[in-house]
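Colleague: Structure incoming, see below.
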Amino acid sequence: MDNPFKKILQDEKLPVYIKDRVIDNLNFIKLSLDVSELYTVKVPQALGSVIGESDKKKEQELIEKIINAKKNENNDE
């Protein structure tokens with residue numbers, strides 16, 4: 001079997017419209033990756049940080065209540 005890559009003419013230039021189509025396809029792929037990253041990585045991170053902050057505040061309030069209750073118990077004794 002002959003190597004088809006040896007049949008390619010190296011001296012010929014690629015037409016401009018094909019170069020433009022390749023560049024457009026690459027830009028579309030990059031845009032698709034950026035959009036998918038936005039919805040699969042960035043949005044969940046943002047939601048997690050917002051939800052996580054409120055959970056941390058509630059957890060800290062609960063810890064403070066427990067500490068105050070223990071202090072009150074020790075003062076009563």
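The values are calculated or read from the model by the stated rules, or taken from the named source; none is laboratory data. Note that this is a predicted model, so its numbers are computed, not measured. Here the Cβ positions follow ideal geometry from the backbone for every residue, glycine too, while neighbour counts run over all protein chains shown.
Colleague: Quick check on my filter: what residues within region 1-43 are among the acidic types (D, E) and either modelled with pLDDT of 90 or more or outside any loop (DSSP other than H, G, I, E, B) (or both)?
Modeller: Those that are among the acidic types (D, E) and either modelled with pLDDT of 90 or more or outside any loop (DSSP other than H, G, I, E, B) (or both): D20, D24, D34, E37.
Colleague: Something else about it: Specify which of the listed residues (L33, L47, L38, L62) is surrounded by 10 or more Cβ atoms within 10 Å (Cβ to Cβ) and more than 13 Å from the chain's Cα centre (by Cα).
Modeller: Result: L62 is the single residue among L33, L47, L38, L62 that is surrounded by 10 or more Cβ atoms within 10 Å (Cβ to Cβ) and more than 13 Å from the chain's Cα centre (by Cα).
Colleague: Residue check: is K57 surrounded by 10 or more Cβ atoms within 10 Å (Cβ to Cβ) and either in a helix (DSSP H, G or I) or modelled with pLDDT of 90 or more (or both)?
Modeller: Spelling it out, K57 is indeed surrounded by 10 or more Cβ atoms within 10 Å (Cβ to Cβ) and either in a helix (DSSP H, G or I) or modelled with pLDDT of 90 or more (or both).
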